[in-house]
Amino acid sequence: MAALADVFAAGELIQDCARQAGFRAPLFIVRNDGGLAPWRHLLHYPSLGLFSGPVAGILGALQRARLQEGILIQMGRSVAHVAMIQQGRAFEGEAELADMRVPLRALEIFSLAVGSESLLNLRRGMIAGIGPWSASTLALAPAQRAAGEALEGARVLALHPVPGSSEEFLAIATPDGDRYALTVGDAALCLGLGEADEERKAIARKAIARLAARFALAPEDAAEVILERAIGALANMVQKALRRHFRDPAPPLVGMGTSAPLLLPLLAQRLGLPSILLEQGEMMGALGAAAADLRETIERSLATPEEKELERWRQEAERTLLEWGAERASLRTTVHWDSATRRARLTVTGRLSSHPERSSLRVTPDQRVALAATVMAIPEDHVEVVAETEGFEIYRGRPWHRRFFRRRQTSRPKLCVCDKEGNVVFALEEATITTTTAAEASATLARLLDRERAFAPSARRYLLSAAHCLDLSQAASPEQAQRWAERILCALLPTEPVFVIEGRPRC
């Protein structure tokens, strides 16, 4: 539960940061079945987020490499994930963590806590295995990152991450009291593998030498034992996937991730398989998230696959996807009925639209006008809509006259911006609106910023377009404001209307 609370807190933080940067779009997360859903959906279905990262990596690799057949292996610093690819798709089934199957309907993934920063598992005085603990999970740095002189007089010690457990993991302690993890990556550098500089390789060799002395071995022999344990564990995981989906000949290994350049050649040699290293593997998760389609699945007991009931399910799932922002024309439905269990599963997928339908607005246009009138403290009949974008409406209050103790007083011109869901974004007095397009907005903004240098700066300046509202007055300098705006503008069509609004905040 504590881990879930951290996930939800991180989601809130990301969404808040995005809104502060001017992005009004909702935050989505990759589901473990390969679909996309709003991250708030996890509040009700938290299991959908398990294995989200590996699944996003698989989708990204399929998108980037156009892979049709292969054994895809993601090699991170502390964990590796394997997925079989056939006809350009990963198999669906259940995920498997080490030797434990996770009863979730997801993409079929085999996971093992072995990576370049995995620690050495000591049992009965021997190096028995690798992981599951890693340097990062114990807040330690790998030995290769120590200063060379710091390892003089260092000693090997055993750690017990779980109190009362018989498992021991090896680290190295310096005379100054610092601790460093002894890892698979250190062993590889000791043997001269990898692309690290000679200084780091020498430091790793010195650390492994301390361990080797404990077993009366040469540093190279100790390093080979460590790599043998790590590659052996990874090879067993790949062979398990191959037994599940036998292929003759076996497809190639396709590796990506931080540890892939180091471990993939050794694993391919062990298995006797050709290998392909995907460049920029650390970006595959982000690419997969961008390429994923929205997905909603309804699974319930159903004695017989009645068309009327399935149609009701389909409409329910489609409504959900449209509310999430799906493109109606892209919606696709698949139905699977299991006669043995008498259960039916209906899945609807669809692309995320850049202009989502707003079929269920929380407030009507008249209600938004009333809200703007309340915020600007003027009668409703003095409110007019002067501009509108996909996500916002700009209201201006016409001047009107009030009497205070028989004295006439003219109200100040006011402006209010609301989103289509009835939320007030900001309200200004004595405001001016500069209308332009995405193609010309950068030059227009530059002129306004130059004017600010020459004259007194305006109190507030906002850039409004489509579904973005950017508070440029929060920028530390005109140059930073220009950079912020350009990040928004580059994603818009050249003819998209853009508004630069300046004015004083309401007292």
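Just so it is clear, none of the values below were taken in a lab; they were calculated from the coordinates. What you are looking at is a predicted structure, and each value in this text was computed from that prediction instead of being measured. Positions of Cβ are backbone-derived with ideal geometry, glycine not excepted, and every protein chain shown enters the neighbour counts.
The table for this structure:
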{"item": "Mean Cα-pair separation over length for the chain, i.e. relative contact order, pairs under 8 Å, 6 or more apart, %", "result": "12"}
{"item": "Region 199-298: radius of gyration and largest Cα-Cα distance (Dmax), Å", "result": "18.4, 61"}
{"item": "Local net charge near residue 341, Cβ-Cβ under 12 Å (Lys/Arg +1, Asp/Glu -1)", "result": "+2"}
{"item": "More than 27 Å apart - percent of Cα-Cα pairs taken over region 1-137", "result": "32"}
{"item": "Stokes-Einstein translational diffusion, region 365-505 - Kirkwood Rh over all Cα pairs, 0.692 mPa s, 37 °C, in µm²/s", "result": "207"}
{"item": "Relative contact order for region 293-350, counting Cα pairs under 8 Å that sit 6 or more residues apart, in percent", "result": "53"}
{"item": "Quarter of the Cα convex hull surface for the chain, i.e. its orientation-mean projected area (nm²)", "result": "34.4"}
{"item": "MRE, 222 nm, helices only [DSSP H, n ≥ 4, -39500 (n - 2.57), over the chain, to nearest 500]", "result": "-10500 deg cm²/dmol"}
{"item": "Whole-angstrom gap from region 241-269 to region 478-507, using each part's C-alpha centre", "result": "48"}
{"item": "Proxy reagent accessibility, fewest Cβ within 10 Å first, across 477, 353", "result": "477, 353"}
{"item": "Order of 19, 64 under a 10 Å beta carbon neighbour criterion, fewest first", "result": "19, 64"}
{"item": "Viscosity 1.567 mPa s, temperature 4 °C, Stokes-Einstein D of region 293-350 from Kirkwood C-alpha radius, µm²/s", "result": "112"}
{"item": "Region 240-288 shape via C-alpha gyration tensor axes, a/c threshold 1.5", "result": "oblate"}
{"item": "Separation between Cα centres of region 165-237 and region 422-453, rounded to whole Å", "result": "59"}
{"item": "Ranked 206, 308, criterion: other C-beta atoms within 10 Å, fewest first", "result": "308, 206"}
{"item": "Compactness of region 120-172, expressed as Rg and Dmax over alpha-carbon positions, Å", "result": "11.9, 34"}
{"item": "Charge dipole (debye, nearest 20) of region 54-102; +1 at Cβ of Lys and Arg, -1 at Cβ of Asp and Glu", "result": "280"}
{"item": "Residue (of 238, 425, 160) at the positive-pole extreme of the chain, dipole from beta-carbon charges", "result": "425"}
{"item": "Whether region 1-72 is rounded, prolate or oblate, judged on the alpha carbon gyration tensor where a/c under 1.5 counts as rounded", "result": "oblate"}
{"item": "Dipole of the chain, positive end: most advanced residue of 17, 180, 373 [Cβ charges, Cα centre]", "result": "373"}
{"item": "Percentage relative contact order, region 118-230, counting C-alpha pairs under 8 Å, at least six apart", "result": "27"}
{"item": "Net dipole in debye of region 1-94 [+1 Lys, Arg Cβ; -1 Asp, Glu Cβ; about Cα centre; nearest 20]", "result": "320"}
{"item": "Vicinal HN-Hα couplings computed from phi for region 424-435 (Karplus, 6.51 cos²θ - 1.76 cosθ + 1.60; Hz; Gly/Pro x)", "result": "6, 8, 6, 9, 9, 10, 6, 8, 10, 10, 9, 9"}
{"item": "Residue 128 long-range amide H proximity, modeled H, under 5 Å", "result": "121, 122, 123"}
{"item": "The chain, dipole about Cα centre (Lys/Arg Cβ +1, Asp/Glu Cβ -1), debye to the nearest 20", "result": "1320"}
{"item": "Positive-end extreme of charge dipole, the chain - chosen from 46, 134, 203 (charges on Cβ)", "result": "46"}
